[in-house]
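Visitor: Take a look at the following structure, please.
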Amino acid sequence: MRLGIIKTEKVRRAAEVVKREMFIPGKYEGMAYADTPLPIGEGQTISAPHMVFIMDELLDLKLGHLVIEIGTGSGYHTATIAEIVAPSSELPHKWGTVITVEINSVLSTQAYFNLREAGYSDRVHVINMDGSDGVPLRTKADRILVTAAAPDVPPPLLNLLKEGGKMVIPVGNPGFFGQDLLLVERSSGKIFRKKVTEVVFVPLRGRYGWN
Ligand code: SAH
């Protein structure tokens with residue numbers, strides 16, 4: 001299965017290097033490598049590994065990128081992104097950065113400690129706020145990942161996307177089966193949206209989320 005999903009060496013390496021068991025509650029340790037979502041508390045879940053790697057491939061992540069992630073959850077997906085834009089195998093001056101935003105303070109704190117324990121606090125910043133409304137940044141991001149289903153692409157996130165940048169975001173009503181996973185690109189000043197597949201995600205909350 002993974003062979004079909006993982007297309008590049010950098011994503012394969014991230015899948016191997018990041019230990020999923022460090023990001024899930026102890027009672028599910030035996031299931032860390034099952035290809036299924038698992039509860040992480042607060043009614044939220046860590047995504048199934050195949051969904052993490054489908055999104056990482058779509059994002060077309062490169063060494064040195066600045067990436068914004070909305071929906072930190074456990075921090076696992078964050079760590080796989082960090083391992084691609086700022087791999088442990090490269091010197092820190094080549095590293096990119098991941099800014100990850102989580103609306104739930106309990107999960108945000110838990111993810112901060114998970115990421116620190118796994119060795120990523122020098123490449124990842126965890127912020128506890130409503131990420132649907134953007135992130136206070138004076139620069140724009142190369143890549144944006146949203147891991148909760150939005151009613152539509154939040155305008156503040158589009159504004160944070162660099163020329164040439166890409167965003168991966170599930171869009172659609174969480175009450176129904178199947179939201180659209182979109183690849184959004186900003187190119188020559190225009191925005192291009194492409195539906196990739198159907199997915200099932202927890203709802204995005206906050207100003208541009210479902211309330
Ligand atoms: N990628 C995560 C799973 C994310 S689940 C992992 O690997 O574990 C989606 C997360 O998005 C949940 O933790 C939820 O609390 C968070 N979320 C929902 N709305 C949000 C918002 N507006 N801003 C930031 N985080 C949000």
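The values are calculated or read from the model by the stated rules, or taken from the named source; none is laboratory data. Fair warning: this is a prediction, and the values are worked out from it, not measured in the lab. No Cβ is skipped: glycine too gets one built from the backbone with ideal geometry, and neighbour counts run over all protein chains shown. Only protein heavy atoms, including side chains, enter the accessible area calculation; ligands, DNA and RNA are left aside. Shrake-Rupley method; radii C 1.70, N 1.55, O 1.52, S 1.80 Å.
Visitor: Return yes or no: is K190 over 19 Å from the mean Cα position of the chain (by Cα), away from the ligand (no atom under 12 Å from the Cβ) and modelled with pLDDT of 95 or more?
Guide: yes
Visitor: Turning to a different aspect of this structure: Would you tally the residues in the range 92-116 being touching a Lys or Arg at 6+ places or on another chain (Cβ under 9 Å) and open to solvent by 70 Å² or more (accessible area, probe 1.4 Å)?
Guide: Residues that pass the stated criteria total 2.
Visitor: Name the pairs: first residue in the range 130-143 and of a type in the set (D, E, K, R), second residue assigned to a strand (DSSP E or B) and open to solvent by 10 Å² or more (accessible area, probe 1.4 Å), Cβ to Cβ under 7 Å, at least 6 apart or on different chains?
Guide: K140/K162; D142/L66; D142/K162; R143/K166
Visitor: Checking the condition touching a strand residue (DSSP E or B) at 6+ places or on another chain (Cβ under 9 Å), assigned to a strand (DSSP E or B) and open to solvent by less than 50 Å² (accessible area, probe 1.4 Å), which residue from L157, L181 passes?
Guide: Of the residues listed, the single one that is touching a strand residue (DSSP E or B) at 6+ places or on another chain (Cβ under 9 Å), assigned to a strand (DSSP E or B) and open to solvent by less than 50 Å² (accessible area, probe 1.4 Å) is L181.
Visitor: Could you grab me the full set of residues in the range 58-89 that are among the hydroxyl-bearing types (S, T, Y) and within 10 Å of the chain's Cα centre (by Cα)?
Guide: Hits for the range 58-89 are T72, Y76, T78, T80.
Visitor: Would you pick out the residues in the range 87-130 that are touching a strand residue (DSSP E or B) at 6+ places or on another chain (Cβ under 7 Å), away from the ligand (no atom under 12 Å from the Cβ) and part of a loop (DSSP other than H, G, I, E, B)?
Guide: Hits for the range 87-130 are G96, R123.
Visitor: Being of a type in the set (D, E, K, R) and open to solvent by 10 Å² or more (accessible area, probe 1.4 Å) is the filter here, so list the residues in the range 66-91 that pass it.
Guide: Scanning the range 66-91 gives a single hit, E90.
Visitor: Could you go through the range 21-28 and let me know if any residue there is among the small types (G, A, S), within 16 Å of the ligand (Cβ to nearest atom) and loosely packed, with under 14 Cβ neighbours inside 10 Å.
Guide: Yes, the range 21-28 contains at least one residue that is among the small types (G, A, S), within 16 Å of the ligand (Cβ to nearest atom) and loosely packed, with under 14 Cβ neighbours inside 10 Å.
Visitor: Give the range 29-57 a look and list any residue that's part of a loop (DSSP other than H, G, I, E, B) and either over 16 Å from the mean Cα position of the chain (by Cα) or surrounded by fewer than 13 Cβ atoms within 10 Å (Cβ to Cβ) (or both), or say none.
Guide: A32, Y33, A34, D35, T36, E42, G43
Visitor: In addition: Of the conditions (1) farther than 25 Å from V18 by Cβ; (2) crowded, with 20+ Cβ neighbours inside 10 Å, D133 satisfies every one except a single condition; which number is it?
Guide: Here D133 clears every test but (2).
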